[in-house]
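The values are calculated or read from the model by the stated rules, or taken from the named source; none is laboratory data. It should be emphasised that the depicted structure is a prediction, and the values quoted were computed from it without experimental measurement. No Cβ is skipped: glycine too gets one built from the backbone with ideal geometry, and neighbour counts run over all protein chains shown.
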Amino acid sequence: MTAIAILAGGATSAFAAEVKDQYALPKGADNFYKSDAVSVQKISFNNQYGMKVSGNLFAPKNLDKTKSHAAIIVGHPMGAVKEQSANLYATKMAEQGFVTLSLDLSFWGQSEGRPQNAVSPDIYAEDFSAAVDFLRTQPFVDKERIGGIGICGSGGFLISAAKIDPRLKAIATISMYDMGGVHRTGLSNSTTIEQRKAYIAQAAKQRDVEYSGGKVVYTDGVKTHQSEVSNPIQQEFFDFYRTPRGEFTPEGRSPENTTRPTLTSDVKFMNFYPFQDIETISPRPMLFITGDQAHSKEFSEQAYKLAGEPKELVVIPGAGHVDLYDRVDLIPWSKLQAFFTKNLK
């Protein structure tokens, strides 16, 4: 199996019964964390393409709404929904005094977009800018103090947005994936050109099928049953997305297809180059956070190398890729607070 086939992460309500029975949360894992000190409001706004984007708006309960405050947009991992990791980060940062907004990217969660689970990096990036549009209309948000956090694939989408939207003043990524690079060459350049071309040919053939009325096909994504897991990376994603740790199926969505991009659209990542021209974001600051055990660490390191100043790479000892989704004991909250306090002042 190529890297392409194992990366799409997400949630489903179906997983092996034996996993349910034997499941225990990893130390510090708290994906569904809620805070008595934070208020949350369901919101929606339109992106530039007229598509409704759904989100949650968080704020400290003691927020003085007669004043304007710094705000942070939080994007979920690729193939996930806002209830997986993004809400956690939004809640924790709201506890530290920020107004925060977690969003479902278009085609995912409760946001609009058909077919569901379609891949469109350009529209994903647009969703971040549309979130800026929304926040700049809120009287208690300072228009010039808006930043973003991108988790996993959203790290690349946020960078893509920031390159053409200077209203995003500070950028932080968590366990970032370059979804373009990993589709083209795999992790550690493990995918050959022949494998890439075979995948593209498979998607092209499926376009003919679907155009003629055939059934939509979804990528393999995260396995739905423990018996299907065959390598450590699959296991890492399974342990989050297919267990009570992070399992979440939005209302109205198919549990079988949640988090699995459509095959015919997944190849669009081949044309996605988020790190190209990343240096043009400077002098706006960038923070890259990854784990020293993360299989995705190469992407944060590459982005850091290419980015302009000011920039910082933070490597968390003992943390894998998914650990930084929800393990509150490993996520460097104080670093994030300091970064946004300094750069959204």
With GLY186, GLY148, GLY180 as the choices, which residue is closer than 19 Å to ASP104 by Cβ and either surrounded by 14 or more Cβ atoms within 10 Å (Cβ to Cβ) or touching a residue at least 24 places away in the same chain (Cβ under 8 Å) (or both)? GLY148
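Okay, residues lined up against (1) in a loop (DSSP other than H, G, I, E, B); (2) within 30 Å of LEU330 (Cβ to Cβ); (3) without any contact (Cβ under 8 Å) to a residue 12 or more places away in the chain; (4) among the polar types (S, T, N, Q):
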| residue | (1), (2), (3), (4) |
| --- | --- |
| ALA203 | no, no, no, no |
| ASP220 | yes, yes, no, no |
| GLU236 | no, yes, no, no |
| THR243 | yes, yes, no, yes |
| ARG253 | yes, yes, no, no |
| ARG260 | yes, yes, no, no |
| PHE288 | no, yes, no, no |
Report, by residue number, each residue of the stretch 123-167 that is outside any helix (DSSP H, G or I) and touching a helix residue (DSSP H, G or I) at 6+ places or on another chain (Cβ under 7 Å). VAL141, ILE146, GLY147, GLY148, ILE149, GLY150, ILE151, GLY153, ASP165, ARG167
Of all residues in the stretch 249-285 being out of contact with any helix residue (DSSP H, G or I) (no Cβ under 8 Å at 6 or more places or on another chain) and surrounded by 23 or more Cβ atoms within 10 Å (Cβ to Cβ), the one that is modelled with the lowest pLDDT: THR258
Does VAL209 count as surrounded by fewer than 21 Cβ atoms within 10 Å (Cβ to Cβ), in a loop (DSSP other than H, G, I, E, B) and at pLDDT 90 or above? no
Among the listed residues ALA161, ALA118, ALA172, which satisfies the condition of being modelled with pLDDT of 95 or more, surrounded by fewer than 24 Cβ atoms within 10 Å (Cβ to Cβ) and among the small types (Gly, Ala, Ser)? ALA118
Within the stretch 292-345, residues being assigned to a loop (DSSP other than H, G, I, E, B) and farther than 25 Å from PRO232 by Cα number 6
Report the residue count in the stretch 19-39 for those that are more than 20 Å from the chain's Cα centre (by Cα) and within 23 Å of PHE128 (Cα to Cα). 2
All positions within the stretch 26-38 that are surrounded by 14 or more Cβ atoms within 10 Å (Cβ to Cβ) and not β-branched (Val, Ile, Thr): PRO26, ALA29, ASP30, ASN31, PHE32, TYR33, SER35
Single condition VAL322 does not satisfy, out of (1) of a type in the set (A, V, I, L, M); (2) in contact with an Asp or Glu (Cβ under 9 Å, 6 or more places away or on another chain); (3) closer than 30 Å to ASP142 by Cα; (4) in contact (Cβ under 8 Å) with a residue 40 or more places away in the chain: (3)
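Could you list all residues from the stretch 63-95 that are of a type in the set (Asp, Glu) and part of a helix (DSSP H, G or I)? Give the steps one after another, and end with the answer.
Taking the stretch 63-95 first, the residues of a type in the set (Asp, Glu) are 64, 83, 95.
Once the filter is applied, which keeps residues that are of a type in the set (Asp, Glu) and part of a helix (DSSP H, G or I), the stretch 63-95 yields only GLU95.
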